[in-house]
Amino acid sequence: MKKTILALISLAMFFGVNLYAQQTPITKANYELAERFSPKKLNRMVFSQSVRTNWFPSGDKFWYEWKDSNGSRYFIVDPATKGKTEVFDMERLAMELTEIIRDPFDAQHIPFRGLKLKDDKTFTFEIQSTLDEEKKEGDKKGKPGKKVFRFEYDIASKKLTDVSDTEKKERYPYWASLSPDTSIVVYGKGYNLFYTDMDNLRKIMKDEKDSTIVEHQLTFDGTKDIPYGGDNYKGAGERDTAKRYPINMIWSPDGKHFLMEKYDLSNLKEMWVINSTSEPRPTLETYKYQMPGEPGPKTYVLLFDIQTKTSRALNVNAFKDQTNNVAYKRPTQEDLYKDFRTNVWEGDNNNFYMTRISRDQYRVDICRYDIAQDSLYVLVEERLNTYIDVADFEVVEGTNQLVVRSERNGWAQLYLHDANGKLLNKITDGAFHVSSIDGIDAKNSIVYFTATGFDPKENPYYAHLFSANLKGGNVKMLNPGNYDTRTSISYSNKYFVSCYSRVDTAPANALYSTSGKKIMDLETTDMSQLFAMGYKFPEVFTVKAADGITDLFGVMYKPFDFDSTKSYPIIEYVYPGPQTESTNYFWSKGMNRIDRLAQLGFIVVTVGHRGGHPDRSKWYHNFGYGNMRDYPLQDHRYALQQLAARHKFIDLNKVGIHGHSGGGFMSTAALLSYPDFYKVAVSCAGNHDNRIYNRWWSETHHGVKEVVTEKGDTVFNYSIRFNQELVKNLKGHLLLVHGDMDDNVHPANTTRVIDALIRANKRFDMLYLPGQRHGFGDMDEYFFWKMADYFSRHLIGDCQESADIIQMNND
């Protein structure tokens with residue numbers, strides 16, 4: 001009998017029946033606690049979280065800035081000597097700057113601008129005076145004041161030198177693509193390519209109206225629909241024929257050739273958004289936008305010969321509407337300190353490497369192109385019966401062997417192929433996911449890579465740095481510990497800095513050798529002000545997916561004044577992926593829609609789902625393929641039911657859901673698919689109708705079918721379910737939000753749902769944010785309080801007037 005009663009209680013709890021009479025429902029929303037943790041206020045409470053390594057021009061030294069409640073400090077680390085020294089005596093520096101500039105400074109408030117290394121011995125930086133140069137008069141006892149002062153700082157002697165009167169060495173303009181030997185500069189002007197030399201580039205930098213400037217036109221057939229420049233989605237847009245533009249191009253190592261892609265977008269249709277707030281009249285913004293299943297642009301891979309000033313289209317096509325990615329070399333340590341950046345192709349002067357990808361992404365070829373023979377050689381073919389998400393590679397210096405990252409066995413693993421593409425051996429072989437190739441030590445035959453899921457006892461999303469022998473085996477985790485980590489490896493591949501954290505620990509940073517030995521601790525994030533304001537870490541949990549087998553990992557955010565004797569509504573913050581999930585595994589102060597939302601009096605949770613994050617098996621990632629609208633919903637409902645069965649403070653009769661972009665799409669679909677379970681949804685910028693969302697996301701993650709017609713033409717068929725089909729099911733409360741100038745997820749996605757709801761005679765709420773793009777811009781804080789009002793009113797039964805609170809945040 002006792003077992004039967006307990007079983008009935010558990011079953012009742014599972015289906016949301018509250019048997020705990022002692023649990024008191026929350027009846028008042030805590031607006032003050034939510035206001036305390038606004039993004040603006042968080043930025044004043046938490047500062048540095050990860051060490052940003054700035055490697056010296058040579059060797060393995062690096063410097064970094066660290067900011068906490070006492071201000072910023074600057075350190076130099078020498079891994080070889082295990083030394084960490086402070087760059088500046090901040091008190092002394094503040095006094096010296098005050099004497100020179102005649103503006104008062106103190107050690108905690110030195111407004112560095114452009115602090116960087118000039119060489120291994122010297123820092124340079126600028127300080128802007130509080131007075132304008134033209135308003136300051138000379139002083140007989142000193143030189144005239146300047147608006148911007150430039151300084152050099154000798155590291156060894158700690159000597160500060162004012163170099164304001166010397167000529168400033170300017171960084172070359174962003175639109176200039178310099179050849180590796182800096183003999184020529186290529187750029188766009190209007191819809192065509194132009195070039196000049198370094199002397200004329202300097203003239204342009206000094207005075208664009210200089211009549212002696214000489215520029216040469218390289219192409220003459222560029223148009224708005226077929227431009228030189230732009231991308232294969234929106235093209236180049238409206239361009240001024242007198243203005244210079246950057247070009248996405250890639251040079252040969254000797255600078256005698258460069259490659260670029262040219263797109264014929266004449267068959268791509270246009271989209272529009274209207275800026276209703278522009279003065280004096282609303283303005284129309286027009287851009288190209290390719291939707292799923294529509295004909296793609298014609299793509300030409302062009303090889304330019306600098307010596308002859310000619311170009312030719314290379315024959316690289318194997319698939320209709322294929323995507324091409326030319327591989328480029330990693331920047332060297334020396335490149336960091338050049339006044340320009342140049343992309344150089346992977347290979348030699350006569351050969352470059354590339355991948356070509358079919359439109360359905362079932363086929364990926366890794367290729368080498370021989371310029372002299374004008375021939376393309378397929379080295380590695382990747383094939384799956386679904387879309388290929390992982391197929392990248394690195395070339396091993398000196399051997400031209402290829403380290404290929406592939407999911408050919410169902411997990412992202414590393415493989416070694418010879419220069420002709422023949423498989424030599426597996427480098428890694430296990431049920432874990434290799435996320436990236438971080439470095440190759442060709443001399444010692446070692447590859448360094450980031451991977452997740454290696455330790456079965458850890459959360460499978462926790463990333464670590466590893467090493468392995470190129471010949472296979474000897475896989476070693478270099479920064480172990482039950483944390484998610486982010487690493488920066490030195491150019492010599494001898495050392496790395498690891499930033500490690502979880503959602504329930506403060507981020508900390510340490511220096512390691514690539515043998516896996518910890519050299520020293522560096523910094524830990526200062527969270528003292530945050531804790532003083534009442535902050536508490538969230539809690540992690542694990543539940544089963546709806547199949548009862550697959551583990552799902554999530555985070556629970558409670559009010560910081562949580563009372564275990566009360567019952568709380570529960571809200572899910574969701575994102576369907578499949579390129580990511582909504583769940584954080586690394587601590588972040590970006591808590592606006594999770595921790596902060598919970599402070600009103602909610603339990604807020606994020607949790608993964610089958611078909612979500614790519615950093616697990618291909619089966620897990622591929623679960624939702626072909627069913628983009630519905631695949632995550634069952635897992636999320638089942639996850640909440642499990643949590644309610646564990647925790648009596650969760651009121652499963654009051655369930656909300658919220659998401660942005662894909663999460664806006666998913667939250668509306670959840671409310672309409674399970675109308676008796678989800679009671680309130682706030683859905684932002686949702687791609688509710690993926691038939692009108694962009695081709696890349698929709699076709700990649702949902703699928704597109706390549707069909708050859710009776711006439712022999714290749715077409716792409718696309719079919720997907722959309723939220724308008726479900727509106728008849730609406731029972732709860734729905735708030736739809738969209739920026740009316742969203743050129744990513746067009747507002748028509750939300751408008752179509754609104755149209756269907758009206759025609760179904762359903763009641764709902766809507767908010768259009770004028771002039772806002774996909775991220776809501778400077779109206780994001782207004783949106784937060786609108787969301788707070790909505791959930792508080794419909795889940796707690798209390799809605800305070802939040803206008804005064806919003807004003808408090810703006811003060």
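The values are calculated or read from the model by the stated rules, or taken from the named source; none is laboratory data. Here the structure is a predicted model, which means the values were calculated and not measured. Virtual Cβ from ideal backbone geometry, glycine too; neighbours counted across all protein chains shown. Just so you know, the surface numbers come from the protein's heavy atoms only, side chains and all, with ligands and any DNA or RNA stripped out. Shrake-Rupley method; radii C 1.70, N 1.55, O 1.52, S 1.80 Å.
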Problem set entry | Ratio Rg/Rh [Cα only; Rh per Kirkwood] for segment 708-778 | 1.16
Exercise. In bins 10 Å wide, starting from 0, what share of all Cα pairs of segment 403-523 does each bin hold, as a percent?
Worked result: 14, 44, 32, 9, 1
Exercise. So what's the Cα pair-distance distribution over segment 634-717, bin width 5 Å, in %?
Worked result: 3, 13, 17, 16, 14, 11, 8, 7, 5, 3, 2, 1, 0
Exercise. Where nothing but the Cβ of Lys and Arg (+1) and of Asp and Glu (-1) is charged, how large is the charge dipole of the chain around its Cα centre, in debye to the nearest 20?
Worked result: 1540
Seminar exercise, completed: For the Asp563, Val214 Cβ pair and Förster radius 60 Å, calculated FRET efficiency rounded to 0.05 is 0.20
For this session: Could you pull the accessible area for Lys256 with a 1.4 Å probe, rounded to 10 Å²?
Result: 90
For this session: Rounded to the nearest 500, what is the 222 nm mean residue ellipticity of the chain from helices alone, with -39500 (n - 2.57) per DSSP H run of 4+ residues and division by all residues?
Result: -4000 deg cm²/dmol
For this session: Report the far tail of the P(r) of segment 553-662, meaning the percent of Cα-Cα pairs longer than 22 Å.
Result: 32
Exercise. Hey, any idea what the orientation-averaged projected area of the convex hull of segment 179-234's Cα atoms comes to, in nm²?
Worked result: 4.8
Seminar exercise, completed: Hull volume per residue for segment 253-304, using the convex hull of the C-alpha atoms, in Å³ is 158
Exercise. Along the charge dipole of the chain, which of Trp66, His738, Ser673 sits closest to the positive end, that is, farthest toward it, with unit charges on the beta carbon of Lys, Arg, Asp and Glu (+1, +1, -1, -1)?
Worked result: Ser673
Problem set entry | Contour excess over end-to-end distance, with Cα ends at Asp264 and Met533 and 0.36 nm allotted per residue | 91.2 nm
For this session: Find which of Pro297, Asn317, Met271 sits farthest along the positive direction of the dipole of segment 264-335, computed with +1 on the beta-carbon of Lys and Arg, -1 on that of Asp and Glu, about the Cα centre.
Result: Asn317
Exercise. When the Kirkwood radius is taken over all Cα pairs of segment 372-414, what Stokes-Einstein diffusion coefficient follows at 25 °C and 0.890 mPa s, in µm²/s?
Worked result: 203
Problem set entry | Per-residue HN-Hα couplings for segment 33-39 [Karplus 6.51, -1.76, 1.60; θ = phi - 60°; Hz; x = Gly/Pro] | 5, 5, 5, 5, 10, 5, x
Exercise. Averaged per residue, what accessible surface does segment 385-536 expose to a 1.4 Å probe, in Å²?
Worked result: 40
For this session: Could you tally the net charge around Pro578, taking each other residue with its Cβ under 12 Å from the Cβ of Pro578, Lys/Arg +1 and Asp/Glu -1?
Result: 0
For this session: Can you tell me the dipole magnitude for segment 432-492 around its Cα centre, using point charges on the Cβ only (Lys, Arg +1; Asp, Glu -1), in Debye to the nearest 20?
Result: 180
Exercise. Give me the Kirkwood hydrodynamic radius of the chain in Å, from all C-alpha pairs, to one decimal place?
Worked result: 30.0
Exercise. How much area per residue is accessible in segment 25-108 when the probe is 1.4 Å and only protein heavy atoms are counted (Å²)?
Worked result: 48
For this session: Along Cα→Cβ, 7 Å out, is where each label goes; now give me the distance between the ones at Ser515 and Gln128 in nm to one decimal.
Result: 4.8
For this session: Could you state the orientation-averaged shadow area of the convex hull built on the Cα atoms of segment 490-549, in nm² to one decimal?
Result: 7.4
Problem set entry | Accessible carbon and sulfur surface of segment 315-441 relative to its total accessible area, %, 1.4 Å | 42
For this session: Can you run the Rg to Rh ratio on segment 401-469? Use alpha carbon positions and the Kirkwood inverse-distance Rh.
Result: 0.98
Problem set entry | Where N is the number of residues in segment 671-811, Cα Rg divided by 2.2 N^0.38 Å | 1.28
Problem set entry | Share of alpha-carbon pairs per 10 Å distance bin for segment 28-102, given as whole % | 15, 30, 27, 17, 8, 2, 0
Exercise. Hey, could you pull the Cα Rg and Dmax for segment 73-227, both in Å?
Worked result: 21.5, 63
Exercise. What are the radius of gyration and Dmax of segment 595-646, computed over its Cα atoms and given in Å?
Worked result: 13.5, 39
For this session: May I ask for the distance between the Cα centers of segment 618-688 and segment 160-207, given as a whole number of Å?
Result: 52
For this session: Report the charge-dipole magnitude of segment 490-623 in Debye, nearest 20, computed about the Cα centre from +1 at each Lys and Arg Cβ and -1 at each Asp and Glu Cβ.
Result: 300
For this session: Under 1.5 on a/c is rounded, so check that first for segment 268-363, then, if it is not, pick prolate when a/b is larger than b/c and oblate when it is not; a ≥ b ≥ c are the square roots of the alpha carbon gyration tensor eigenvalues.
Result: oblate
Exercise. Any idea how far the Cα center of segment 220-288 sits from the one of segment 350-406, in Å?
Worked result: 28
Exercise. How big is segment 484-615 by Rg and Dmax over its Cα atoms, in Å?
Worked result: 17.6, 57
Problem set entry | Furthest towards positive pole of dipole, Asn54, Phe88, Ala29, structure part segment 16-115, Cβ charges | Ala29
Exercise. Which value in nm describes the separation of the simple spin-label points at Arg721 and Asn43, placed 7 Å from the Cα toward the beta carbon?
Worked result: 4.2
